[in-house]
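Enquirer: This structure is in structure tokens; I'll ask about it shortly.
The values are calculated or read from the model by the stated rules, or taken from the named source; none is laboratory data. As the structure is a prediction and not an experimental result, all values here were calculated from the model. Note: ideal-geometry Cβ built from the backbone for every residue, glycine included; neighbour counts use all protein chains shown.
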Amino acid sequence: MREAPPSDVPADALLATQRVSEKIAYLSAMKIFQDLSQEELKELERSISMVSCPAGRVFYVPGETGEVLFLLKKGRVQLYRLSPDGRKLTVKILEPMTFFGEMGILGQGMHDTFAEAMDDCLICVMSRRDVQHLLLSKPTVAMRICEEMAARLMERERQLEEVVFKGVLPRLAGLLLRLAGETDQVSGYSHQELGEMLGVYRETVTHALDQLKAMGLVEIHRKRIKLLHRDKLADIAKQ
């Protein structure tokens with residue numbers, strides 16, 4: 001059998017091509033870009049830069065301008081605000097395949113919002129000009145971004161309603177169910193982080209979790225909570 005002739009393509013060029021293909025595959029999997037063709041995705045890829053952020057780094061603080069749209073490829077990002085006394089309130093925990101910084105599209109900053117990498121993150125960044133060009137030339141992308149922004153606004157309203165009308169235990173039960181999704185466990189969140197999502201102290205969350213445990217509804221492990229009775233947790237969340 002004859003051996004294949006050696007490739008004349010430099011290794012660096014092959015690696016660069018592979019990275020472009022991976023970035024295009026990632027973009028095509030995002031909901032906001034799912035209506036774009038391969039050629040449109042290739043054009044979009046050229047306007048995006050990719051950066052790495054280690055866990056714990058705050059890479060966006062209030063008042064910053066410049067980059068507008070952040071596309072989260074790997075890791076989790078915490079968006080939060082700080083009270084005058086330094087207490088942290090988590091606005092949203094973002095998972096991979098989501099975006100943030102969308103308020104810049106409307107000519108607004110992220111106000112008092114900080115963005116912090118909870119894990120080692122890989123983030124794609126688009127400038128304001130490139131985002132504006134994308135929205136004007138690809139109305140389906142603009143529509144999907146608007147749909148996501150509307151969903152987030154509804155979530156904010158739900159959070160505000162719960163803070164006003166519900167106690168900590170129902171709010172915690174509902175939060176655990178949302179974080180678990182279709183599974184029966186919540187992983188990767190400390191009591192402190194759960195408290196920041198509810199706007200209460202860590203000790204308050206620990207006490208509420210102990211109550212749920214005493215009721216036989218959850219098992220508590222290090223950064224992992226197993227849900228034993230989703231239906232009963234749902235009943236508590238409605239209280």
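Enquirer: For residues in segment 1-41 being over 24 Å from His133 (Cα atoms) and of a type in the set (A, V, I, L, M, F, W, C), which is modelled with the lowest pLDDT?
Expert: Met1
Enquirer: Let me ask another. Output the residues belonging to segment 159-190 that are in contact (Cβ under 8 Å) with a residue 12 or more places away in the chain, more than 16 Å from Leu228 (Cβ to Cβ) and among the polar types (S, T, N, Q).
Expert: Ser190 - this is the single residue of segment 159-190 that is in contact (Cβ under 8 Å) with a residue 12 or more places away in the chain, more than 16 Å from Leu228 (Cβ to Cβ) and among the polar types (S, T, N, Q).
Enquirer: Just the residues that are assigned to a helix (DSSP H, G or I) and touching a residue at least 12 places away in the same chain (Cβ under 8 Å), please, taken from segment 134-151.
Expert: Correct list: Leu134, Leu135, Thr140, Val141, Arg144, Ile145, Glu148, Met149.
Enquirer: If I ask for residues that are hydrophobic (A, V, I, L, M, F, W, C) and either in contact with a Lys or Arg (Cβ under 8 Å, 6 or more places away or on another chain) or at positive phi (or both), which ones from segment 154-179 would you list? Spell out how you get there, then give the answer.
Expert: Of all residues in segment 154-179, those hydrophobic (A, V, I, L, M, F, W, C) come to 154, 160, 163-165, 168-169, 172-173, 175-177, 179.
Correct list: Val163, Leu177.
This table checks each residue for (1) touching a helix residue (DSSP H, G or I) at 6+ places or on another chain (Cβ under 6 Å); (2) crowded, with 16+ Cβ neighbours inside 10 Å; (3) hydroxyl-bearing (Ser, Thr, Tyr).
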residue: Pro139; (1), (2), (3): no, no, no
residue: Cys146; (1), (2), (3): no, no, no
residue: Glu155; (1), (2), (3): no, no, no
residue: Val168; (1), (2), (3): yes, yes, no
residue: Leu176; (1), (2), (3): no, yes, no
residue: Gly181; (1), (2), (3): no, no, no
residue: Thr206; (1), (2), (3): yes, no, yes
residue: Met215; (1), (2), (3): no, no, no
residue: Ile225; (1), (2), (3): no, yes, no
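Enquirer: What's the number of the only condition in (1) at pLDDT 85 or above; (2) surrounded by 15 or more Cβ atoms within 10 Å (Cβ to Cβ) that Ser52 fails to meet?
Expert: Ser52 satisfies all of (1) at pLDDT 85 or above; (2) surrounded by 15 or more Cβ atoms within 10 Å (Cβ to Cβ) except (2).
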